[in-house]
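See below for the structure under consideration.
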Amino acid sequence: MNLANRVAIITGSGRGIGKAIALRLAETGATVVVNDIDESAQGVAEEIKAMNRQSLAILADVSLSSDVARLVETTRATYGKIDILVNNAGITRDQLVVRMSDEDWDRVLTVNLKSTFLCTRAVLRHMIKQRWGRIISIASIVGIVGNPGQANYASAKAGIIGFTRTVAKEVASRGITVNAIAPGFIDTEMTQQLGEDRRQELMRHIPLGYLGSPRDVAEAVAFLASEEARYITGQVLNVDGGMAEAWL
Ligand code: NAP
């Protein structure tokens, strides 16, 4: 795979899966805009520059329309185009439905799902004109199989899947592919917050018998972003060690 001359925006890429995606796309030659809500984006952009690739850190809250406009416009003004968008930023606020607050519902839907809509809409205006684009959104197998305590998160991730299938149909004639990746249980700070009992219980549902790494997700993103994946659109690719199939 060769992403030379491609410009990519990765949301929430200051750490975890997003950081692994940013580094992997840079390895394959892409210019990478590292977005995060905090300063962590800067360190990742420095790592990429040390690989002799172009990179820019843009601090922005992707749940806010004005921040997304700044993220996309700064990218276009700096590099002249946007070829690849990876909607990766996400949060959890777990609670059983009967105890879930309005705020926890709204924040999880806004950061995971609304951000995907805002960023996709903003980049599509440029991708449609250039008649080439790749949009890859990080959903979750929880959006397919459900998970107690994550009604807000599962709804947001299921929403990303419906959004992906719809936008894929809307822009297919413009040379733009739109796909989602549904990771299973990946070893990041998000899952390190889970207690040891819960981690062991989830491990029992993984046929391959071990947690995925952020790099496993990044490899799938790099493929979907490549020219080689030009005939794949509207799909959800599970990167989960077989977990969703075993859990259904
Ligand atoms: P993570 O380690 O918590 O990283 C998420 C990143 O998103 C953080 O850098 C975070 O910034 C950033 N972020 C949060 N809100 C943001 C906002 N409003 N604007 C911009 N950036 C924001 O999570 P992860 O495990 O790498 O997960 C990445 C994606 O994969 C998420 O969409 C998640 O739902 C999905 N996923 C993860 C797993 C898993 O097992 N880990 C499984 C399925 C799906 P801060 O550092 O400031 O918090």
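A few comments on the model shown:
- Relative exposure of 140, 40, 66, judged by other C-beta atoms within 10 Å (fewest first): 66, 40, 140
- Residues whose amide H falls under 5 Å from that of residue 137, counting only those 5 or more places apart or on a different chain, are 87, 179, 180, 181, with hydrogens built in the peptide plane.
- The relative contact order of the chain, computed from alpha carbon pairs under 8 Å that lie at least 6 residues apart in sequence, is 20 percent.
- Phi to ³J(HN,Hα) by Karplus 6.51 cos²θ - 1.76 cosθ + 1.60 over the stretch 117-128, Hz, x for Gly, Pro: 5, 4, 5, 4, 4, 5, 7, 4, 4, 7, 5, 4
- Note on the chain: helix-only mean residue ellipticity at 222 nm, from DSSP H runs of 4+ residues weighted -39500 (n - 2.57) and normalised by residue number, equals -14000 deg cm²/dmol.
- Total formal charge among the other residues, if their Cβ is under 14 angstrom from that of residue 142, Lys/Arg +1 and Asp/Glu -1: +1
- Cα-based Rg and Dmax for the stretch 7-247, where Dmax is the largest Cα-Cα distance (Å): 17.0, 51
- Convex hull volume per residue for the stretch 19-111, taking Cα atoms only, in Å³: 103 Å³
- Order of 203, 51 under a 10 Å beta carbon neighbour criterion, fewest first: 51, 203
- Positive-end residue, the chain charge dipole about Cα centroid, Cβ charges, pick of 37, 213, 223: 223
- Taking 7 Å steps out from each Cα toward its Cβ at residue 128 and residue 64 produces label points 2.7 nm apart.
Computed from the coordinates by the stated procedures, all read-outs in this text should not be read as laboratory data. Computed from a predicted structure; not experimentally measured. For neighbour counting, all protein chains shown are included, and Cβ atoms are generated from backbone atoms with ideal geometry for every residue, glycine included.
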